[in-house]
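The values are calculated or read from the model by the stated rules, or taken from the named source; none is laboratory data. Just so you know, these numbers come straight off a predicted model, no measurement behind them. We place every Cβ from the backbone using ideal geometry, glycine too, and count neighbours over all the protein chains shown. Ligands, DNA and RNA are excluded from the accessible area calculation, which covers all protein heavy atoms including side chains. Shrake-Rupley method; radii C 1.70, N 1.55, O 1.52, S 1.80 Å.
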Amino acid sequence: MIQCIINNNNEFFKLYYEAEDGILDGVTVFNKHSGYSGTGYVGKFENKGNSVKVKVEVSKTGMYEMSIIYLGNMGKKINTLFINDLKVGEITFPETTTFVELKIGSVHLDAGENVVSLLAIWGWIYIDAFVIEDILSEAKDISSSINPNLVNPNAIPSAKKLYDFLKSNYGKRILSGQVGVVGQAGDESEEFNRILYTTGKTPAVWNMDFIFESNDCTWRPTDPDIIDMAIKWWEDYQGKGIMTAQWHWNIAGQTGDYGFYKTDTTFDIEQAVIEETWEYNKIIKDIDRISGLIKKLQDVNMPIIWRPLHENNGDWFWWGNNPKACAKLWKILYERMVNYHGLNNLIWLWNGNNDEYTPIEYIDLVGVDIYADDHGPQTIAFNTHLNFYKGKKMIVLSENGRIPDIQKCVEQGAWWGYFQTWNSEFMKESHHTDTQLNEYYNNKYVMNMDELPSFNIKSYNDSDSIDSSTECFSYALGYPCCSSYTYAYYSDSEGIWGIEDDNWCGISTKKSSYCWSKVLGYPCCTVNTYVYYIDDNGMWGIENDNWCGIN
């Protein structure tokens with residue numbers, strides 16, 4: 001049975017597809033709890049793979065808002081949503097005592113019939129209905145609310161320029177990224193060689209890991225060490241690259257060996273966030289050692305996208321699955337590294353829990369790690385994080401197994417700031433064919449290393465991100481200036497954009513004292529404005545309800 005309920009403003013219908021009328025596999029229809037719609041609800045999804053499928057119909061292909069009505073009285077659970085046999089994402093169902101409507105966000109539906117499935121991972125949940133708003137979703141504005149500045153007010157010029165560059169491209173391009181050999185930096189490993197050989201491109205975003213650099217580690221690379229490698233990479237590419245860094249934090253507890261997996265160490269995070277405990281003093285010594293290494297990168301103006309305590313929403317690392325203590329540890333890291341050691345070259349990337357403890361005021365970027373079985377755009381994961389941070393933080397794929405289909409990302413509004421594929425088997429033919437690599441790395445919406453500017457600078461003002469003198473504004477954003485007079489396809493806060501050779505280019509609007517539109521009886525626009533019309537005379541805007549020339 002399908003229920004159709006009109007919204008309060010008579011704008012669209014909500015279509016309710018009852019779970020009990022769907023195709024059930026391993027689940028049963030119940031009606032003992034009150035508050036459900038239709039004739040019942042289904043559960044309990046006791047075994048992995050149990051599922052419910054419903055068929056939904058829409059008149060046009062596009063993005064539609066979806067919700068699921070459920071009862072979560074058996075605790076917080078995670079289960080998987082599929083649409084037309086393609087995995088859309090893993091859905092977290094918070095614990096509830098009544099039936100509630102969980103907003104999933106925008107999902108892509110084809111015109112006509114679609115099959116929506118919920119497949120048990122954890123299971124143990126009751127599903128009442130799937131809800132579709134019968135109106136195409138509007139494209140989300142993902143860039144206008146981004147925090148204008150880094151959380152560290154004393155960030156060095158190169159870090160500011162890198163952040164402005166990422167921010168300016170957010171929603172226009174997706175940067176490519178790849179992880180190399182563990183414990184090294186800037187290594188052109190087999191993964192990079194395969195990408196270059198297959199696509200002719202080099203990833204824009206690289207990676208290093210301080211996995212062997214904690215005090216307890218009995219081995220680490222030397223001659224060169226990890227910092228020597230990173231500085232050589234920085235110099236070889238003349239600052240035209242982006243380096244991310246995580247820290248698989250190896251540490252020993254008061255008994256046993258060291259490790260970063262929870263099963264390999266007895267180290268206690270609860271004690272580590274209490275000042276003057278044995279554990280607290282030990283983490284401070286580790287933080288001091290890592291800070292000394294990163295200070296050498298700051299000395300050569302090298303910014304780092306810094307991702308400590310990664311995947312803290314999982315329970316596999318010793319810092320994971322403890323939101324309150326992990327948030328405290330994050331703040332200890334920030335205070336020690338920034339305020340004590342004066343590390344101002346870090347862009348702080350949070351990769352984990354989104355809850356009341358999340359240290360939002362200490363976060364620049366938000367990373368999501370997804371190892372999917374397909375190349376779906378992961379739209380639900382993107383929208384979930386975008387909504388939690390109210391659009392104020394850029395969302396990136398800090399780790400991925402398979403690269404998401406770039407064209408589908410664009411079509412569905414999943415504008416990941418960058419992707420970063422893990423190493424080893426994830427860059428093998430089994431995960432990415434040559435055809436797929438070529439398609440993704442040569443997609444016009446993907447930015448590779450050859451399009452990056454140099455971030456090796458010693459001075460930088462906010463106005464530098466939009467050129468105001470001799471160069472076209474788009475150079476600082478990684479795009480060429482249009483070589484000839486071209487049609488204005490788009491304008492934003494950065495400037496006016498054209499297209500040449502199927503790529504974006506900046507249309508220079510350098511001011512001069514001569515106002516060309518005056519001779520035609522119109523004033524010049526007093527500020528850069530949206531291009532409403534273009535003809536042989538020039539580009540036209542509107543101010544105070546009158547035409548004006550964009551000079």
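Students often check this: by mean Cβ neighbours within 10 Å, which of 433-443, 17-27 ranks highest, and how do the rest follow?
On the way: 433-443: 16.5, 17-27: 19.5.
Sorting 433-443, 17-27 by mean packing, highest first, produces 17-27, 433-443.
Give the lysines whose C-alpha is closer than 30 Å to that of LYS428, dropping any in the same chain fewer than 8 places away, or say none.
LYS48, LYS87, LYS172, LYS201, LYS232, LYS240, LYS262, LYS408, LYS444
Under unit Cβ charges (Lys, Arg +1; Asp, Glu -1), what dipole magnitude, rounded to 20 debye, does segment 94-231 have relative to its Cα centre? Write out the running numbers ahead of the final one.
Numbers: 10 positive and 20 negative charges, 124 e Å.
Dipole about the Cα centre, nearest 20: 600 debye.
Starting from the 7 Å offset along Cα-to-Cβ, what nm value, one decimal, do you get for the label separation of ASP450 and ASP545?
Going from the ASP450 label point to the ASP545 one covers 5.2 nm.
Mind scanning LYS77/LYS328; LYS160/LYS328; LYS44/LYS76; LYS167/LYS324; LYS140/LYS160 and naming the pairs with a C-alpha gap bigger than 19 Å?
Values: LYS77/LYS328 25 Å; LYS160/LYS328 26 Å; LYS44/LYS76 14 Å; LYS167/LYS324 29 Å; LYS140/LYS160 26 Å.
Distance filter (> 19 Å) returns LYS77/LYS328; LYS160/LYS328; LYS167/LYS324; LYS140/LYS160.
Could you do me a favour and compute the accessible area per residue for the chain, 1.4 Å probe, result in Å²?
Dividing the accessible area of the chain by its residue count gives 45 Å².
Can you match mean projected area of the Cα convex hull in nm² to one of these, [x] 42.2; [y] 29.3; [z] 37.7, based on a calculation from the structure here?
Only one listed value fits the structure, namely [y].
Under a plain spin-label model, where a point goes 7 Å from the Cα along Cα-to-Cβ, how far apart in nm are LYS32 and LEU86?
In this crude spin-label approximation the distance works out to 4.0 nm.
What spacing in nm lies between the two simple spin-label points modelled at TYR340 and ASN387, each 7 Å away from Cα in the Cβ direction?
Between TYR340 and ASN387, the simple spin-label model gives 4.0 nm.
If the convex hull of the alpha-carbon atoms of segment 146-204 is projected onto planes in all directions, what is the mean projected area in square nanometres?
Working: hull surface 22.5 nm².
Over all viewing directions, segment 146-204 projects a mean Cα-hull area of 5.6 nm².
May I ask for the distance between the Cα centers of segment 105-136 and segment 9-65, given as a whole number of Å?
Between the Cα centres of segment 105-136 and segment 9-65 lies a distance of 7 Å.
Starting from 0.36 nm per residue, how many nanometres of slack lie between GLU270 and ILE23 once their C-alpha separation is accounted for? Mind showing how you got there, number by number?
Details: separation 247, 0.36 × 247 = 88.92 nm, distance 4.61 nm.
The GLU270-ILE23 span can extend by a further 84.3 nm.
Provide the FRET efficiency to the nearest 0.05 for the TRP278-ASP257 pair, computing r from the beta carbons and using R0 = 25 Å. Walk me through the numbers on the way to the answer.
Details: r = 17 Å, r/R0 = 0.67.
The pair TRP278/ASP257 has a calculated efficiency of 0.90.
Carbon-plus-sulfur fraction of the accessible area of segment 103-193, 1.4 Å probe, in percent?
Numbers: 1610 of 3280 Å².
Using a 1.4 Å probe with all protein chains present, segment 103-193 comes out at 49 percent carbon and sulfur.
Relative contact order for the chain: what is it in percent, counting Cα pairs under 8 Å that are at least 6 residues apart?
Numbers: 1230 pairs, mean separation 69.2, N = 551.
Here the relative contact order equals 13 percent.
Quick check: residue separation of THR218 and GLU429 times 0.36 nm, minus the Cα distance between them. What number comes out in nm? Show your work: numbers first, answer last.
Values: separation 211, 0.36 × 211 = 75.96 nm, distance 3.50 nm.
Once the chain is fully extended between THR218 and GLU429, it gains 72.5 nm.
Full-extension gain between GLU411 and ASP228, please, as 0.36 nm times their residue separation minus the C-alpha to C-alpha distance.
Values: separation 183, 0.36 × 183 = 65.88 nm, distance 4.18 nm.
Here the answer is 61.7 nm.
Using the Kirkwood radius over C-alpha pairs as Rh, can you work out the diffusion coefficient of segment 157-451 via Stokes-Einstein at 20 °C, viscosity 1.002 mPa s, in µm² per second? Intermediate values should be presented prior to the final figure.
Details: Rh = 19.5 Å.
The Stokes-Einstein estimate is 110 µm²/s.
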